[in-house]
Amino acid sequence: MTTATGLPRPTPLPDRSDAPPRERTDWMLALMRELFPMFRTIAGEGLRSTLRRLARDLPLQIREVASGTQVLDWTIPNEWSIRAAHVSDSTGRRVVDLADSNLHVVSYSRPVDETMSLAELQPHLHSLPEHPDWIPYRTSFFAENWGFCLSHRQRSALTEQRYRVVIDAELRPGSLSYGEAFLPGDSPEEILVFTHCCHPSLANDNLSGIAVAAAAARELSTRPRRLGYRFVFAPTTIGSIAWLATNEAILPRIRGGLVLANLGDAGALRYKRSRSPSLTDAAAARVLAHCGEAHELIDFIPWGYDERQFCSPGFDLPMGRLTRSPEGGYPQYHTSADDLSLIDPASLSRSVDVVLHILGAIERERRLVNLSPRGEPQLGKRGLYRAGQRAGQAADSHLALLWVLNQSDGSRGLLEIAQRAGLPFEAIDEAAAALEQAGLVREAPHDGESDSWRSRR
Ligand code: ZN
């Protein structure tokens, strides 16, 4: 069933205690298991294989930006590929071997084939004394260097002797790949969702973000859409910079959007606001207020993931960020312990619901005009009067009708009305749809610039 906007009827966010939809959860976990072993980095085959895998289930275009291309203040790097990397002791025994973990070599290490003392090797080793069994994840994307990551237990077992160090890697011109799935809507305006997909074999950061974005895209692809939805899967920082540099024509059409990351652990939901007040902020605040689980809203800071680029002052896009545990905010972050066992399937699936509801609120946000503003219109004769559950108290659905009628003078949208009423956005949206159906309100002429959230920017 659809509403006057042509969109499906709003559905409330499922209860936190409801079992997650089995088909979705199984699909996401299977995708993550398949992507986990791929050796991703910011430019190379692992990234491309990841995008090709996503393209099997999504209408994903894979785009390439050639090495050496100037993108904003940055340059697309060479592609990095690695065949083998190991450290062997004087008996030839491999004490560290890339074959055992994708995290063992510092990403973008330059080729090495040398024999050296332990003292010479030590500055190139990375371990975590506080978590002696975990392997850290380290990169050296924009500085020529090399290194190995290993558990502190492995490192402590190294003795004074000569070690042979081999990194059989290649850095050569190629291209940086990103994937983009665009789901067109009735309006030229669109919603942008970005997630980074450059980390090797780490589950929460960020196979969870990839899986949540992919599941959201998959579910939205079968629904009527008022706005277009653009899902971008790209390497962090250089990927969002490359996307911004090559898609400037799209930017004025972006009505809202999210950067998604770290959405599969059992931590509380955390929404980070955009740089300037935005429709996305209003939608996220409303959805999280009624999501029935622990959550936090934080202000924009120029530190974190790709929101740093989208919210840089020259773009200042209306994009926020949704995570559970933030970057650096959980002990397993950027270590081998961020594996699939860290993923809580219920939280992962719940993240999709929350994302769909935030994006849905952006899509359904509209300003209405009450066509019968002199006194309350008689709702009973239109079949809209709903008595309260208790004498003297109106039901939320009835209150929602009264709020929409009272506040719809064309100056404020449904999100602002929901906030003032202290009701879930779906309740206000549902009431608005019923009143539109009854001919008591109609949509105010759409003028992006007078949109009440945007005019405060
Ligand atoms: Zn990361």
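The numbers here are math on the coordinates, done by the rules we state, and not lab data. Since we're looking at a predicted model, the values are computed, not measured. Because the Cβ atoms are built from the backbone with ideal geometry, glycine has one as well, and the counts that use them run over all protein chains shown.
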In debye, nearest 20, what is the charge dipole magnitude of the stretch 79-172 about its Cα centre with +1 on Lys and Arg Cβ and -1 on Asp and Glu Cβ, if you could check?
-> 80 debye
The stretch 91-139 and the stretch 366-444 have their Cα centres apart by a whole-number Å value of 63 Å
Rounded to a whole number, what is D in µm²/s for the stretch 79-172 from Stokes-Einstein with the Kirkwood radius over alpha-carbon pairs (10 °C, 1.306 mPa s)?
-> 120 µm²/s
Residue 374 versus residue 49, label points 7 Å from Cα toward the beta carbon: distance in nm?
-> 7.3 nm
Can you tell me the 0 to 90 degree angle between the C-alpha axis of helix 279-289 and the longest principal axis of the chain, rounded to 10?
-> 90 degrees
Report the relative contact order of the chain, percent, no decimals, based on alpha-carbon pairs under 8 angstrom and at least 6 residues apart.
-> 17 percent
Evaluated at 25 °C with a viscosity of 0.890 mPa s, what Stokes-Einstein diffusion coefficient in µm²/s does the stretch 326-384 have when Rh comes from the Kirkwood expression over alpha-carbon pairs?
-> 149 µm²/s
In terms of the alpha carbon gyration tensor, root eigenvalues a ≥ b ≥ c, rounded if a/c is under 1.5 and otherwise prolate when a/b exceeds b/c or oblate, the stretch 151-227 is prolate
Describe numerically, in nm with one decimal, the distance between label points set 7 Å from Cα along Cα→Cβ at residue 73 and at residue 56.
-> 4.1 nm
Across the chain, where is the longest run that never hits chymotrypsin sites (Phe, Trp or Tyr not before Pro) in a DSSP loop with at most 11 other C-beta atoms within 10 Å?
-> 1-302
Could you grab the Rg to Rh ratio for the stretch 294-411? Cα atoms only, Kirkwood for Rh.
-> 1.15
What order do you get for 86, 199 when you list them from fewest to most C-beta neighbours inside 10 Å?
-> 86, 199
Dipole magnitude of the chain about its Cα centre, charges +1 at Lys/Arg Cβ and -1 at Asp/Glu Cβ only, in debye to the nearest 20?
-> 1020 debye
Residue-ordered couplings for the stretch 103-110, obtained by feeding phi - 60° into the Karplus form 6.51 cos²θ - 1.76 cosθ + 1.60 and rounding to whole Hz (Gly and Pro as x), are 8, 5, 10, 5, 4, 6, 4, 6
Given labels modelled 7 Å from the Cα in the Cβ direction, how far is it in nm from residue 293 to residue 26?
-> 2.1 nm
For n ≥ 4 DSSP H runs only, could you compute -39500 (n - 2.57) per run for the chain, divide by its residues and tell me the 222 nm figure to the nearest 500?
-> -8000 deg cm²/dmol
So, in Å, what gap is there between the alpha-carbon centers of the stretch 47-80 and the stretch 279-335?
-> 24 Å
For the stretch 215-287: span of alpha carbons on each principal axis (Å, largest first) | 35, 32, 27
Over all pairs of different Cα atoms in the chain, the reciprocal of the mean inverse distance gives a Kirkwood radius in Å of 23.9 Å
Value of Rg/Rh across the stretch 124-253 [Cα atoms, Kirkwood radius] = 1.13
Size of electric dipole in the stretch 223-365: Cβ of Lys, Arg +1 and of Asp, Glu -1, about Cα centre, debye, nearest 20 | 600 debye
Between exposed GluC sites (Glu not before Pro) in the chain, where DSSP calls loop and at most 12 other Cβ atoms lie within 10 Å, what's the longest gap?
-> 161-457
